[in-house]
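The structure under discussion appears below in the form of structure tokens.
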Amino acid sequence: MIDILRKRRSIRRYTSEVIEPEKIELLKEAVLRSPSSKNINPWEFVFVDDKALIEKLKSCKPHGVAPLSTAPLAVVVCADETKNDVWVEDCSIASVLLQLTAQSLDLGSCWVHVRKRMHNETVSAEKYIQDLLNIPENFRVLSIVTIGYPEKQRDGKPFDELQFEKIRSNNF
């Protein structure tokens with residue numbers, strides 16, 4: 001696991017190479033194995049590989065959507081908020097596990113944040129995505145994780161750049 005973490009970087013540009021179906025199946029398995037509070041599993045995932053639909057997802061908000069321009073796969077991470085009050089945490093865990101699994105499969109990924117972002121002055125990014133993908137109102141959208149083969153390889157963050165000053169022992 002530490003090797004995966006050492007190599008992982010956010011990837012914002014992908015090649016046009018198609019992701020193999022067996023890798024997509026492993027990504028699906030990974031999110032379904034994600035832990036959740038009280039094992040309630042409020043999350044659900046929309047795997048989007050239709051280019052036209054991914055292009056429309058790119059319009060969910062004005063900034064931070066560049067990875068959707070070249071991504072062959074976009075996974076919308078959402079949850080039924082009526083099932084669990086910690087759906088944000090549960091979806092966050094699933095999003096990160098999805099990214100780490102992608103890294104383990106030599107794929108790149110990037111988290112596109114949706115929650116509490118706006119599509120325009122009156123419509124939230126979440127509402128835009130709910131309408132686009134027919135997601136019920138009681139399902140909240142946390143993120144879109146883009147996945148694909150990186151256009152260029154990026155080195156992981158160097159060890160000497162880690163912020164060890166943020167680690168405290170026994171008290172703050």
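The values are calculated or read from the model by the stated rules, or taken from the named source; none is laboratory data. Only a predicted model underlies this, so the values are computations on that prediction, with no experimental measurement involved. Positions of Cβ are backbone-derived with ideal geometry, glycine not excepted, and every protein chain shown enters the neighbour counts.
Do the conditions hold for residue 5, that is, is it touching a helix residue (DSSP H, G or I) at 6+ places or on another chain (Cβ under 8 Å) and surrounded by fewer than 13 Cβ atoms within 10 Å (Cβ to Cβ)?
It is true that residue 5 is touching a helix residue (DSSP H, G or I) at 6+ places or on another chain (Cβ under 8 Å) and surrounded by fewer than 13 Cβ atoms within 10 Å (Cβ to Cβ).
Which one of these is of a type in the set (D, E, K, R) and surrounded by 22 or more Cβ atoms within 10 Å (Cβ to Cβ): 121, 126?
Just a single option satisfies the conditions, and that option is 126.
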Legend entry - Where residue 121 falls short, out of the listed (1) in contact (Cβ under 8 Å) with a residue 40 or more places away in the chain; (2) among the charged types (D, E, K, R); (3) farther than 23 Å from residue 6 by Cβ: (1)
Legend entry - Selection count where residues are farther than 19 Å from residue 100 by Cβ and free of Cβ contacts under 8 Å to residues at least 12 places away in the same chain, scope segment 137-171: 13
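Among residues belonging to segment 97-131 that are β-branched (Val, Ile, Thr) and not in a helix (DSSP H, G or I), point out the one that is nearest to residue 13 (Cα to Cα).
112
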Inset, instruction - Those residues that are of a type outside the set (Val, Ile, Thr) and either assigned to a helix (DSSP H, G or I) or over 20 Å from residue 95 (Cα atoms) (or both), I need them from segment 51-62; list them, please. - result: 51, 52, 53, 55, 56, 57, 58, 59, 60, 62
Inset, instruction - From (1) assigned to a helix (DSSP H, G or I); (2) touching a residue at least 24 places away in the same chain (Cβ under 8 Å); (3) under 12 Å from the mean Cα position of the chain (by Cα), pick out the condition that doesn't hold for residue 75. - result: (1)
Inset, instruction - For segment 57-81, enumerate the residues that are of a type outside the set (Asp, Glu) and surrounded by fewer than 16 Cβ atoms within 10 Å (Cβ to Cβ). - result: 59, 62, 63, 66, 69
Legend entry - Selection status of residue 13, farther than 15 Å from residue 142 by Cβ and at pLDDT 95 or above: yes
Inset, instruction - For segment 21-50, enumerate the residues that are among the β-branched types (Val, Ile, Thr) and either free of Cβ contacts under 8 Å to residues at least 12 places away in the same chain or part of a helix (DSSP H, G or I) (or both). - result: 24, 31
Inset, instruction - Considering each of 46, 18 in turn, give the residue that is within 23 Å of residue 127 (Cα to Cα) and among the β-branched types (Val, Ile, Thr). - result: 46
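Could you pull out the residue among 96, 86, 65, 112 that is within 25 Å of residue 35 (Cα to Cα), under 16 Å from the mean Cα position of the chain (by Cα) and touching a residue at least 24 places away in the same chain (Cβ under 8 Å)?
Result: 112 is the single residue among 96, 86, 65, 112 that is within 25 Å of residue 35 (Cα to Cα), under 16 Å from the mean Cα position of the chain (by Cα) and touching a residue at least 24 places away in the same chain (Cβ under 8 Å).
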Inset, instruction - For segment 133-172, name all the residues that are buried (at least 16 other Cβ atoms within 10 Å of the Cβ) and either part of a helix (DSSP H, G or I) or among the basic types (Lys, Arg) (or both). - result: 133, 140
